[in-house]
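K.L.:
This is the structure I want to talk about, given as structure tokens.
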Amino acid sequence: MIIIGEKINGAIPSTAKAIAAKDGEFIKNLAKIQAEAGVDYIDVCASVDDDIELETMKWLIDLVQEVTDLPIAVDSPNVYTCIESMKYCNKPGVFNSGSLEGDKIDAAFKAIADTKWECVALLNSDKGIPKTAKDRLDVFADLMAKVKEYGIDPSRMHIDPLVEMLCTSEDGIAMVVEVIKSIKEQYPTIHVTGAVSNISFNLPARKMVNMGFTVLAMNAGLDSAILDPTNGDLMGII
């Protein structure tokens with residue numbers, strides 16, 4: 001299982017507070033505790049205003065690299081921020097992320113094609129988030145055509161089937177499991193990833209729901225995940 005540590009993300013209130021206060025020691029500690037927990041990559045996501053996002057990403061990446069030599073997952077909804085952030089990393093990591101929305105995947109693949117960087121790709125497009133397994137697999141087929149076009153080995157891809165809130169999607173787990181199984185059947189060397197905690201938003205006993213879903217998803221073929229590695233129960237289940 002490839003573990004991508006999620007804790008350095010400005011969408012998390014405590015991390016956002018540290019970013020706003022430029023509390024470098026807080027950020028470095030988040031990097032250290034995730035490294036000690038055994039992650040493979042440390043995700044870095046600023047989640048700040050566009051005009052300061054890139055400088056904030058550089059600051060965060062520099063702090064992480066002061067305390068660990070683990071590779072970094074550069075994370076932003078802006079594909080060009082990810083591209084620029086790659087330049088600050090000491091070694092290849094994970095590009096998080098691209099999709100078939102607009103020119104995102106072309107921009108991402110041009111940036112990583114001749115490197116050792118890996119790439120998270122979301123199964124959405126200009127039409128939004130597909131509602132059925134078939135529609136998501138159709139997007140996957142189009143995405144893999146792009147992978148082939150840019151000469152990227154499938155083993156460098158981490159496909160995100162889009163884990164959504166269970167409370168708004170009655171058959172969400174069954175659909176995601178179907179998508180994961182089909183992806184792994186078609187491309188055994190490809191990675192399937194996702195933010196497992198998405199499944200439990202607005203539900204009670206979130207930690208238990210996350211653990212149950214993680215087991216189901218791993219059984220279907222999930223072999224990469226963006227999660228909190230300091231959650232000993234979840235890591236124990238994995």
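K.L.:
Quote the Stokes-Einstein diffusion coefficient, in whole µm² s⁻¹, for the range 177-218, based on the Kirkwood radius over alpha carbon pairs, a temperature of 10 °C and a viscosity of 1.306 mPa s.
P.N.:
Result for D is 141 µm²/s.
K.L.:
Over the chain, how many percent of alpha carbon pairs lie in each 10 Å bin up to the one with the longest distance?
P.N.:
8, 33, 38, 20, 1
K.L.:
Using θ = phi - 60° and the Karplus relation 6.51 cos²θ - 1.76 cosθ + 1.60, list the HN-Hα couplings for the range 89-98 in order, rounded to whole Hz, with x at every Gly or Pro.
P.N.:
Once rounded to whole Hz, the list reads 8, 6, 8, x, x, 10, 8, 10, 6, x.
K.L.:
I want the local charge near PRO154. Using Cβ-Cβ distances under 14 Å, sum +1 for each Lys or Arg and -1 for each Asp or Glu among the other residues.
P.N.:
-1
K.L.:
Sticking with this structure for a sec: What residues qualify as long-range amide H neighbours of SER97, i.e. H under 5 Å apart, gap of 5 or more or another chain, H built at 1.01 Å from N?
P.N.:
Those lying under 5 Å, H to H, from SER97 are SER76.
K.L.:
Sticking with this structure for a sec: For a quick check: with amide H placed at 1.01 Å from N, whose amide H comes under 5 Å from ALA73's, ignoring anything fewer than 5 positions away on the same chain?
P.N.:
When sequence neighbours closer than 5 places are left aside, the close amide H contacts are ILE42, ASP43, VAL44, VAL94.
K.L.:
Can you run phi through the Karplus equation (6.51, -1.76, 1.60; θ = phi - 60°) for the range 120-137 and list ³J(HN,Hα) in whole Hz, with x for Gly and Pro?
P.N.:
Here the 3J(HN,Hα) series is 7, 10, 8, 8, 10, 8, 4, 7, x, 8, x, 8, 10, 4, 4, 5, 5, 6 Hz.
K.L.:
Along the charge dipole of the chain, Cβ charges K/R +1 and D/E -1, which of VAL163, ALA141, GLN186 sits furthest on the positive end?
P.N.:
Positive-end residue among those listed: GLN186.
K.L.:
Add -39500 (n - 2.57) for each DSSP H run of 4 or more in the chain, then divide by its residues: what number comes out at 222 nm, to the nearest 500 deg cm²/dmol?
P.N.:
-14500 deg cm²/dmol
K.L.:
Go through the range 102-112 residue by residue and turn each phi into a ³J(HN,Hα) via Karplus (6.51, -1.76, 1.60, θ = phi - 60°); whole Hz please, and just put x for glycine and proline.
P.N.:
Whole-Hz 3J(HN,Hα) from phi for the range 102-112: x, 9, 4, 6, 5, 4, 5, 5, 4, 6, 9.
K.L.:
Using the structure shown, list the pairs from LYS7/LYS131; LYS116/LYS148; LYS110/LYS134; LYS7/LYS28 with a Cα-Cα distance above 18 Å, or answer none.
P.N.:
The answer is LYS7/LYS131; LYS110/LYS134.
K.L.:
Residues with beta-carbon under 14 Å from that of SER197, excluding SER197: net charge, scoring Lys, Arg +1 and Asp, Glu -1?
P.N.:
Residues near SER197 contribute -3 overall.
K.L.:
As a test, work out the antiparallel percent of DSSP beta bridges whose residues both lie in the chain, rounded to the nearest 5.
P.N.:
Roughly 5 percent of the beta bridges in the chain run antiparallel, per DSSP.
K.L.:
Quick one: Cα centre-to-centre distance for the range 151-207 and the range 4-60, in angstrom?
P.N.:
Here the answer is 24 Å between Cα centres.
K.L.:
With Cβ to Cβ distances under 11 Å as the rule, what net charge do the other residues near CYS45 carry (K, R +1; D, E -1)?
P.N.:
Cβ neighbours under 11 Å give a net charge of -3.
K.L.:
What's the FRET efficiency of GLU25 with ASP171 using the Cβ-Cβ distance as r and R₀ = 30 Å, to the nearest 0.05?
P.N.:
0.10
K.L.:
Related question: Show the residues, 5+ positions off or on another chain, whose built amide H is closer than 5 Å to the amide H of THR193.
P.N.:
When sequence neighbours closer than 5 places are left aside, the close amide H contacts are ILE159, ASP160.
K.L.:
In what sequence, largest accessible area first, do ARG206, ARG136, ARG156 appear using a 1.4 Å probe?
P.N.:
So, going from the largest accessible area down, we get ARG206, ARG156, ARG136.
The values are calculated or read from the model by the stated rules, or taken from the named source; none is laboratory data. Quantities reported herein were computed from a predicted structural model and do not represent experimental measurements. In this analysis, Cβ positions are derived from the backbone assuming ideal geometry, glycine residues included, and neighbour counts consider all displayed protein chains. These accessible areas exclude ligands, DNA and RNA; they are computed on the full protein's heavy atoms, side chains included. Shrake-Rupley method; radii C 1.70, N 1.55, O 1.52, S 1.80 Å.
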